[in-house]
There are 4 protein chains.
Amino acid sequence: MNQRKTLPVLVKARWQRRKNARRQELLAAALELFEEKGYASTRLEDVVKRAGVSKGTFYLYFVNKEELFTMVVRENLAEAIEYTRDDIPEFSGHSADLLRCFISGWWQRVSAPRVSSIARLIVAEAGSFPELAAFYNEEVLERSVKLVSNIVARGIAQGHFTSIGPASAAQALLSPILMLMICKSSLYPYNDRAFDPESFIDSFIALILSGLVPRND
Amino acid sequence: MNQRKTLPVLVKARWQRRKNARRQELLAAALELFEEKGYASTRLEDVVKRAGVSKGTFYLYFVNKEELFTMVVRENLAEAIEYTRDDIPEFSGHSADLLRCFISGWWQRVSAPRVSSIARLIVAEAGSFPELAAFYNEEVLERSVKLVSNIVARGIAQGHFTSIGPASAAQALLSPILMLMICKSSLYPYNDRAFDPESFIDSFIALILSGLVPRND
Amino acid sequence: MNQRKTLPVLVKARWQRRKNARRQELLAAALELFEEKGYASTRLEDVVKRAGVSKGTFYLYFVNKEELFTMVVRENLAEAIEYTRDDIPEFSGHSADLLRCFISGWWQRVSAPRVSSIARLIVAEAGSFPELAAFYNEEVLERSVKLVSNIVARGIAQGHFTSIGPASAAQALLSPILMLMICKSSLYPYNDRAFDPESFIDSFIALILSGLVPRND
Amino acid sequence: MNQRKTLPVLVKARWQRRKNARRQELLAAALELFEEKGYASTRLEDVVKRAGVSKGTFYLYFVNKEELFTMVVRENLAEAIEYTRDDIPEFSGHSADLLRCFISGWWQRVSAPRVSSIARLIVAEAGSFPELAAFYNEEVLERSVKLVSNIVARGIAQGHFTSIGPASAAQALLSPILMLMICKSSLYPYNDRAFDPESFIDSFIALILSGLVPRND
DNA sequence: TATGAATGAGCTTTCATTCAT
DNA sequence: AATGAATGAAAGCTCATTCAT
């Protein structure tokens with residue numbers, strides 16, 4: 001009795017799981033190829049081949065190539081956006097330590113290939129997908145600036161930081177991270193010189209905290 | 001007699017000039033369109049239409065679309081490379097002033113649309129044109145870092161700057177410029193918030209010179 | 001005991017009814033869509049959606065799309081063919097009245113959407129389905145002509161009609177009906193001018209009975 | 001001197017001639033195939049093969065398949081429309097003779113394959129190309145009715161015809177022609193029975209002039 | 001019996017490239 | 001040197017049909 005009613009539900013649920021998996025496989029394959037060749041040069045045939053499905057199957061999951069790109073971006077952006085949701089952690093020590101800790105932690109997260117390559121993709125395709133560029137501006141860049149601004153403002157309020165415009169300081173603190181994200185998956189792979197982003201970030205923070213001009217104290 | 005000999009030369013010269021002009025018109029048209037739509041989405045038909053020549057003519061000047069892109073990039077990169085040829089100016093004042101002056105001057109030059117948009121193009125098409133990415137790394141990025149390194153090193157030698165690794169300091173000083181170049185022609189056009197690169201550069205230099213942590217002196 | 005035997009029969013009967021209903025639903029949906037978009041432009045997906053069944057189910061009832069079309073036509077042609085089975089009614093009055101009555105009655109029946117739109121469909125798809133065109137010729141047109149011929153022949157025998165070839169007279173009498181059937185579901189829906197088929201048929205019969213040239217009697 | 005100026009003109013003119021020929025070849029090939037298989041079932045590949053050009057060439061002459069169909073129809077409709085431009089000829093005899101002459105002449109013209117098959121095509125594709133159906137209604141059907149109406153009205157005015165509504169008489173007179181046009185290229189090719197449209201038209205006119213009911217005069 | 005996800009051949013359309021003029 | 005009509009390989013997308021469930 002129960003069986004007759006639950007059977008279709010189970011079937012549907014299993015299908016749903018399968019459908020979701022297929023979709024993710026397509027998105028993953030597409031991300032790799034978009035990253036590798038850019039939007040226009042990526043052939044749908046390659047995407048479906050890499051995802052292990054047929055051409056027709058693709059159109060069961062996405063209305064067209066454009067939507068695929070949009071979905072790839074939005075899906076992978078979610079992670080980056082999540083980071084900007086973090087509150088400033090409870091921290092009783094010096095604001096410099098908080099900042100150091102926060103910035104290098106940030107880099108560790110956004111340096112993940114899927115996160116940083118999406119940033120580069122958006123930069124590359126901004127002309128063709130303006131709404132994605134706008135989305136990235138609002139939901140990632142602006143929110144990140146606001147978050148770092150808060151930390152800087154806290155530092156100023158506690159007398160740990162000099163009285164500087166928190167927004168432009170935040171922008172300054174984030175600029176090497178954004179640059180690294182973009183270059184990591186474009187220019188740097190073709191760079192002979194070994195370059196270690198982590199240590200660069202560390203020395204950057206050190207530099208910005210204490211300044212280039214020596215102190216007398 | 002003399003005339004008979006020089007006439008063809010003059011004619012050839014005029015042709016040469018015409019030929020060169022055609023080439024430049026094609027390069028200019030291509031730059032605009034590559035910038036607008038990216039390499040793959042730019043149709044040769046649109047390039048020749050904008051340059052005011054026929055499709056066939058294009059192939060008298062370039063072997064194919066790929067070469068066109070390469071030429072567009074190399075041609076416009078020349079300017080940026082020129083900047084890295086500059087010697088450190090004779091300057092007897094404080095190294096901080098030299099640096100301030102140098103960095104903001106640099107920005108003024110590379111913020112020119114043709115210069116900054118080429119950087120973004122290279123980032124966008126690095127996957128398809130690795131040799132251009134490598135070229136940019138070597139001929140622009142590395143040379144710029146070296147140049148700024150020298151200034152920092154000079155400052156350290158004169159006791160104007162703290163004893164820091166000049167290379168990573170240079171990287172730090174250049175990172176907002178590189179980021180601005182890339183974002184100026186991709187993300188920022190779709191940004192609501194007014195953002196003034198010049199004043200950002202200024203406050204960035206100020207911040208990096210004196211540091212975020214207040215001084216006791 | 002008896003029950004045990006009849007029960008499965010009843011069940012089967014219900015299934016049969018259900019099965020038949022499904023088939024009819026598919027045929028009805030298909031007719032609507034074929035009429036609307038033609039054979040080639042009608043997607044099976046739309047047919048099954050309109051019939052409320054799944055794609056796979058369709059193939060339990062029809063071997064393929066071609067057969068579906070054939071079945072739609074044959075099913076709906078049955079009605080038109082039925083009309084040609086009618087005997088000439090017993091009628092003792094003037095043959096002109098019989099003809100008038102018969103022709104306008106005929107139009108009333110074949111003007112039903114399902115009947116007339118099938119005629120237009122066959123005309124439209126004759127190139128792709130020649131056997132249906134031949135079928136229509138034989139089973140509908142020829143039989144109709146024969147039927148009307150009989151009425152005309154009767155009229156001639158009774159001295160009610162002039163001595164004319166009954167077959168070509170029948171063709172003449174049927175031609176506006178065939179034309180109306182075809183145009184009703186193709187050209188006329190896009191006609192601004194109001195056009196009333198019924199009154200046209202009436203005046204057509206009047207005209208053909210008494211002639212365009214005035215009589216002296 | 002002259003040569004330098006006229007050469008490009010000549011070249012352009014020759015090209016123009018070639019271009020026009022190509023266009024006509026494509027239209028002719030398309031007409032044949034649309035007539036044979038209908039719009040949707042006609043593959044562009046077959047059209048270009050029959051016209052002897054490549055796939056790409058097609059798109060130099062037409063923006064897409066839809067436009068091709070529209071052009072095929074409009075181009076070939078021009079002829080049919082031309083007929084409706086004819087004035088009623090000067091004729092001093094009996095209006096019955098004028099009508100007889102006019103109608104059978106009309107049929108001779110519209111029975112040309114290109115003219116009649118276009119009518120059938122419009123009927124078949126009216127659902128997909130409503131604007132063509134409307135165009136045909138206005139520019140062909142309505143004008144034809146008006147033209148024949150004038151002849152009938154003339155006959156009534158001269159006492160040659162009975163006082164009947166000229167419009168419905170015209171419709172009645174044209175209906176077998178329209179029916180023949182449509183059926184000639186759809187149903188009749190699959191008809192066993194020999195059927196001669198010309199003699200049918202003749203007997204139709206005779207019938208309609210003198211009427212089915214015998215005269216006493 | 002019924003489902004609907006999956007297929008892939010085949011369609012329309014695009015565009016870098018060629019070549020006769 | 002310059003043209004632009006012509007090409008055809010390859011792309012995105014559709015849809016009748018199949019099949020595991």
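The values are calculated or read from the model by the stated rules, or taken from the named source; none is laboratory data. Because the structure is predicted, anything quoted here is derived from the model rather than measured. Neighbour counts are summed over all protein chains in view; Cβ atoms, including those assigned to glycine, are modelled from backbone coordinates with ideal geometry.
Observations on the model:
- Residue in the range B:196-212 that is within 19 Å of A:Lys184 (Cβ to Cβ) and part of a helix (DSSP H, G or I) present: no
- Flag for D:Val47 being within 10 Å of DNA strand F (Cβ to nearest atom) and modelled with pLDDT of 95 or more: no
- Number of positions in the range D:35-46 that are away from DNA strand E (no atom under 11 Å from the Cβ) and of a type in the set (Ser, Thr, Tyr): 0
- All positions within the range D:110-140 that are among the charged types (D, E, K, R) and either within 24 Å of D:Ala29 (Cβ to Cβ) or free of Cβ contacts under 8 Å to residues at least 24 places away in the same chain (or both): D:Arg114, D:Arg120, D:Glu125, D:Glu131, D:Glu138
- Restricting B:Glu32, B:Glu66, B:Glu82, B:Glu25 to residues that are at pLDDT below 95 and either more than 16 Å from DNA strand E (Cβ to nearest atom) or within 14 Å of chain A (Cβ to nearest Cβ) (or both) narrows the list to B:Glu82.
- Condition met for B:Ser163 (surrounded by fewer than 24 Cβ atoms within 10 Å (Cβ to Cβ), among the polar types (S, T, N, Q) and assigned to a helix (DSSP H, G or I)): no
- Entry remark, the range D:147-168: residues being free of Cβ contacts under 8 Å to residues at least 40 places away in the same chain and under 21 Å from the mean Cα position of the chain (by Cα) number 2 in total.
- Yes/no for D:Phe69 being of a type in the set (A, V, I, L, M, F, W, C), touching a residue at least 60 places away in the same chain (Cβ under 8 Å) and not assigned by TED's automatic domain parsing to the domain that holds D:Tyr188: yes
- Screening C:Gln108 against (1) modelled with pLDDT of 90 or more; (2) in contact with a Lys or Arg (Cβ under 8 Å, 6 or more places away or on another chain) leaves a single unmet condition, (2).
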